[in-house]
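**Q** Structure incoming, see below.
The values are calculated or read from the model by the stated rules, or taken from the named source; none is laboratory data. Predicted, not measured: the structure shown is a model, and the values here were computed from it. Please note: Cβ atoms are built from the backbone with ideal geometry, for glycine as well, and neighbour counts cover all protein chains shown. Side chains included, ligands, DNA and RNA excluded: accessible areas come from the protein's heavy atoms. Shrake-Rupley method; radii C 1.70, N 1.55, O 1.52, S 1.80 Å.
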Amino acid sequence: MLSRRLLRIKVVKALYAHFKSEADSLITSEKNLTSSVDKTYDLYNQMLWLIVDVMRYASSRIEIARSKKLPTREDLNPNTRFIDNQLIAQIENSPKLTAYLEKKSLGWVRYPELIKSLYDSMVGSDYYKSYMEAPDNSYNDDRKFVEDFYLNEVENNELLEEVVEEQSAWWADDIDFALILAMKTISSSRRGQPDLPISAKFKNEDDREFYKELFRKAVVNYNDYLQYIEKFTQNWDVDRIAFMDNVIMAAAIAELTTFESIPVKVTLDEFIEISKFYSTPGSSHFINGVLDKVINVLKEEGRIVKTGRGLM
């Protein structure tokens, strides 16, 4: 499922785009936000399929070798452990996954150079050689190999990043999130399951509404939130305060005052962490200091009320 951390990041980015473009349609901006969230889930499903296309490429190479006019003994009796991998077969035959990919027209068939590159890198690796030469073969061995493939070939792969960005502008920063979800699915897979344990897009209806409500509150009350922020930034050079800092703090205030079940510390920690990756180097300390003071005022005014159930 898509984490609340990811949903918060999506909201912050959508707010930044909304205000920077001076958009006057909340509905349009919210649709763009929803599209961005949906696209991340698309990439997760497509990421699961990547190993299948690499396997199919390997299978085609074996068939070509067998079809030679003068095939060698190795050509006629190849090691098929990789193409017979039980987990890859589960992925390839997953009713949920194949239906989703077909409905969304997702896949990697238009990027044979990526598949070949992944295959070449894989067969040259130590983990591949160890797997192919192992005397025994179990489902756990097959799953461990698939995990190794994603960790060694997919993570930080520049060509994959280029291909992903070419397919969708929404995916520029989503590869790591999609990879984490794919790895969780792979790790949770077991022999004999009727289908892959495909993650739902949202944990529950609360999460489905969480990011939309957070975005709406931040947009509608943005100027009100800025007044709180400006009370504690009067001695700062306005030109040196990153616009993203204000966006992040406004989103944090929206969450603090809207969602009674989310503890103050959780909200503060989450948005400070987001600022470390999406704003300037010193933003996290700045945002922490300002929000601490804003929170005290909001509590005094009775605008922050928490139920204490401790949801993330």
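**Q** Just one of ASP176, ASP141, ASP136 is at pLDDT 95 or above and open to solvent by 50 Å² or more (accessible area, probe 1.4 Å); which is it? Steps first, please.
**A** Numbers: ASP176 fails: at pLDDT 95 or above; ASP136 fails: at pLDDT 95 or above.
Just one listed residue meets the conditions, ASP141.
**Q** If ASN235 meets every condition in (1) without any contact (Cβ under 8 Å) to a residue 12 or more places away in the chain; (2) within 24 Å of GLU30 (Cα to Cα) apart from one, which number is that one?
**A** Going through the list (1) without any contact (Cβ under 8 Å) to a residue 12 or more places away in the chain; (2) within 24 Å of GLU30 (Cα to Cα), ASN235 breaks only (2).
**Q** Shifting gears a bit: Within region 3-20, does at least one residue satisfy the condition of being in contact (Cβ under 8 Å) with a residue 24 or more places away in the chain, open to solvent by 50 Å² or more (accessible area, probe 1.4 Å) and among the aliphatic types (A, V, I, L, M)?
**A** no
**Q** Which of (1) of a type outside the set (A, V, I, L, M); (2) open to solvent by less than 40 Å² (accessible area, probe 1.4 Å); (3) not in a helix (DSSP H, G or I) does ARG110 not meet, given it meets every other one?
**A** If we test ARG110 against (1) of a type outside the set (A, V, I, L, M); (2) open to solvent by less than 40 Å² (accessible area, probe 1.4 Å); (3) not in a helix (DSSP H, G or I), just (2) comes out false.
**Q** Within region 273-292, how many residues turn out to be within 19 Å of the chain's Cα centre (by Cα) and of a type outside the set (Ser, Thr, Tyr)?
**A** 4
**Q** If you don't mind, there's one more thing I want to ask. What number of residues in region 263-312 are among the charged types (D, E, K, R) and under 17 Å from GLN234 (Cα atoms)?
**A** 2
**Q** Before we move on, is MET47 in a helix (DSSP H, G or I), within 24 Å of PHE177 (Cα to Cα) and among the aliphatic types (A, V, I, L, M)?
**A** Taking the combined requirement at face value, the residue satisfies it.
**Q** Right, next: Here are some conditions: (1) open to solvent by less than 60 Å² (accessible area, probe 1.4 Å); (2) of a type in the set (Phe, Trp, Tyr); (3) in a helix (DSSP H, G or I); (4) touching a residue at least 60 places away in the same chain (Cβ under 8 Å). PHE202 meets all but one. Which one does it not meet?
**A** (3)
**Q** For region 265-292, which residues satisfy the criterion of being in contact with a Lys or Arg (Cβ under 8 Å, 6 or more places away or on another chain) and open to solvent by 30 Å² or more (accessible area, probe 1.4 Å)?
**A** In the first step, residues of region 265-292 are kept if they are in contact with a Lys or Arg (Cβ under 8 Å, 6 or more places away or on another chain); the result is 270-271, 273-274, 278, 283-284.
Matches in region 265-292: GLU273, TYR278.
**Q** Separate question: Filtering region 60-70 down to residues that are open to solvent by 40 Å² or more (accessible area, probe 1.4 Å) and out of contact with any Leu (no Cβ under 8 Å at 6 or more places or on another chain), which residue is nearest to GLU133 (Cα to Cα)?
**A** First pass over region 60-70, keeping only residues open to solvent by 40 Å² or more (accessible area, probe 1.4 Å): 60-61, 63-64, 66-70.
Filter once more, so that each one left must be out of contact with any Leu (no Cβ under 8 Å at 6 or more places or on another chain): 60-61, 63-64, 67-70.
Details: SER60: 21, ARG61: 19, GLU63: 21, ILE64: 22, SER67: 24, LYS68: 25, LYS69: 28, LEU70: 26 Å.
Among those that are open to solvent by 40 Å² or more (accessible area, probe 1.4 Å) and out of contact with any Leu (no Cβ under 8 Å at 6 or more places or on another chain), it is ARG61.
**Q** Which residues, counting only those in region 149-173, are over 23 Å from PRO112 (Cβ atoms) and either open to solvent by less than 30 Å² (accessible area, probe 1.4 Å) or among the β-branched types (Val, Ile, Thr) (or both)?
**A** none
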